[in-house]
Amino acid sequence: IRVFYVLFQECSKKQKNDDTQSTSVDALSSSDGFEEKNEFHTLANAKILLSDCLACDNCMTSEEGARVFQQNQKELFRILNLNKKCDTSKHKVLAVSVCPQSLPYFAAKFNLSVNDAAKRLCGFLKSLGVHYVFDTTIAADFSILESQREFVQRYQRRNQDEHALPMFASACPGWIRYAERVLTNLVTSHICTAKSPQQIMGSLVKGYFARQQNLSPDKIFHVIVAPCYDKKLEALREDFYTALYNSQEVDCVLTSGEIVQIMEQKNVSMKDVTEVAVDSLFDEIKEGDVVRHDGKRSDGYLEHIFKHAAKELFGVDVKEITYKALKNKDFQEVTLEKDGETVLRFAAAYGFRNIQNMVLKLKKGKFLYHFVEVLACPGGCLNGKGQAQTEDGKPDKALLNQMEEVYAAIPVRLPETNMHVQRMYQDWLEGVDSRKVQETLHTKYSAVNQTASNLDIKW
């Protein structure tokens, strides 16, 4: 393994045109007895540029870097090959969960409807030997519902707790890593404690689903297909590890682009794959048509929390949200007025330049917002660097436009209307306000000492 991380005074978060000097690193080669030739032996080693990861290089240790690079296609194939061995005691149930922002990529790239793309992706993964393919939308349901409740609680105690507001969204791991390692105590107490959809899906698969199947969590190998590389970092967090079973909630994250690389290596086109219905966490039920949440390019935390807070706190039913673009299209605000007074002020801040401007205002005490949906990628999750990139690493604008059209056409389902979620709150989580809800659906974000951390990073 070549350890490549160097501490820079100047952050590496720059535009792709500054990335010509980025270092590429070979992913870890298989060294645990699976070097023999098999049907996957021709897969090329994954190459990951420093610029592909949104977390600064001075935010990651060399050990973390090594573990990130273990999360590649070869790790998936190691498990597939393991399952072909005669020693059944070492077999794993292989479950893959697909993020909703990845499906428009497959749909647009292969000129399919989003429902066909979901079924063909499921068919392809099962042809490799995957046992279950899930949609993570239900995990986002839980994450949004918990975020809604937490915002209302924080708003109600805003006069007693100086850290109650503003509340920052917690779904983007690039933003979380930057906040913990660089911004530290300035913002960590303001971050919503609800887990991201990825990690809630980890709890659902290794907790709820494992119990339903009478499996120990360590007997399941759980893979997430996601739009960005930072999700690999998120899967490694210590708070998402169960020591009792020596098991992570998410064992491996592959980007949408890495899945396409597998298809290309096997000379498979999505259009040639047999359609297979996506699995459900609930017995033998299969998923129906793809649904999404009320966001333009993400899971829509701003929209859902804004509407919920308007109703719960001020008795106002908000049907349509009107965005006001400020400095650029990736920094927008939404306000609620009642009796001539602005009672709620929310913002969406996408991309690190907007994040830095937001943080500087917070530092100067000039922060007006109650809630901010923070995403590291300019343009939101659809523009994750694990998809929608050209071969030279630049954004594929034409493909991204197609993806946005596909995503916008997906029907919206409110989290409150998912009956499976409501039943799971009662049957699995022991009630909405239970201790188990806090243990399963929430986590803590705290400052991490970092010698290079400061707010004087150049952008």
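Does His304 count as touching an Asp or Glu at 6+ places or on another chain (Cβ under 7 Å), open to solvent by less than 20 Å² (accessible area, probe 1.4 Å) and at pLDDT 95 or above? So His304 passes the test.
Between Ile305, Ile355, Ile262, which is in contact (Cβ under 8 Å) with a residue 24 or more places away in the chain and closer than 17 Å to Arg120 by Cα? Walk me through how you get there before you give the answer.
On the way: Ile305 fails: closer than 17 Å to Arg120 by Cα; Ile355 fails: closer than 17 Å to Arg120 by Cα.
Just a single option satisfies the conditions, and that option is Ile262.
Of the residues in the stretch 253-266, not one is outside any helix (DSSP H, G or I) and either touching an Asp or Glu at 6+ places or on another chain (Cβ under 7 Å) or farther than 17 Å from Val96 by Cβ (or both). The test for being surrounded by 19 or more Cβ atoms within 10 Å (Cβ to Cβ) and not polar (S, T, N, Q) does not hold for Tyr323.
Residues of the stretch 78-110 that are out of contact with any Ser or Thr (no Cβ under 8 Å at 6 or more places or on another chain) and hydrophobic (A, V, I, L, M, F, W, C): Ile79, Leu80, Leu82, Cys86, Val93, Leu94, Ala95, Val96, Leu103, Ala108.
Taken over the stretch 157-173, the criterion of being open to solvent by less than 20 Å² (accessible area, probe 1.4 Å) and modelled with pLDDT under 90 is satisfied by no residue.
Scanning the stretch 99-145 for residues that are of a type in the set (D, E, K, R) and open to solvent by less than 10 Å² (accessible area, probe 1.4 Å) turns up just one, Asp141. Scanning the stretch 147-156 for residues that are surrounded by 23 or more Cβ atoms within 10 Å (Cβ to Cβ) and not polar (S, T, N, Q) yields a total of 1.
Only one of the numbered conditions (1) in contact (Cβ under 8 Å) with a residue 24 or more places away in the chain; (2) over 26 Å from Gly384 (Cβ atoms); (3) among the aliphatic types (A, V, I, L, M) is violated by Val316, and that is (1). The one condition from (1) closer than 20 Å to Tyr155 by Cα; (2) in a helix (DSSP H, G or I) that Val318 does not meet is (2). Test of understanding: among Tyr241, Tyr245, which residue is surrounded by fewer than 17 Cβ atoms within 10 Å (Cβ to Cβ), aromatic (Phe, Trp, Tyr) and without any contact (Cβ under 8 Å) to a residue 12 or more places away in the chain? Answer to the check: Tyr241.
To keep it simple, each residue is scored yes or no on (1) in contact with a helix residue (DSSP H, G or I) (Cβ under 6 Å, 6 or more places away or on another chain); (2) more than 22 Å from Gly129 (Cα to Cα); (3) not assigned by the TED database to the domain that holds Val93.
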position	(1), (2), (3)
His163	yes, yes, yes
Cys172	no, yes, yes
Phe209	no, no, no
Ala235	no, yes, no
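Scanning the stretch 291-301 for residues that are out of contact with any Phe, Trp or Tyr (no Cβ under 9 Å at 6 or more places or on another chain) and surrounded by fewer than 24 Cβ atoms within 10 Å (Cβ to Cβ) yields Val291, Asp294, Gly300.
The values are calculated or read from the model by the stated rules, or taken from the named source; none is laboratory data. Note that the structure is a prediction, hence the values are computed from the model and not measured. Ideal geometry is used to build each Cβ from the backbone, glycine not excepted, and the neighbour counts take in all protein chains shown. SASA here: full protein model, heavy atoms, side chains in, ligands and nucleic acids out. Shrake-Rupley method; radii C 1.70, N 1.55, O 1.52, S 1.80 Å.
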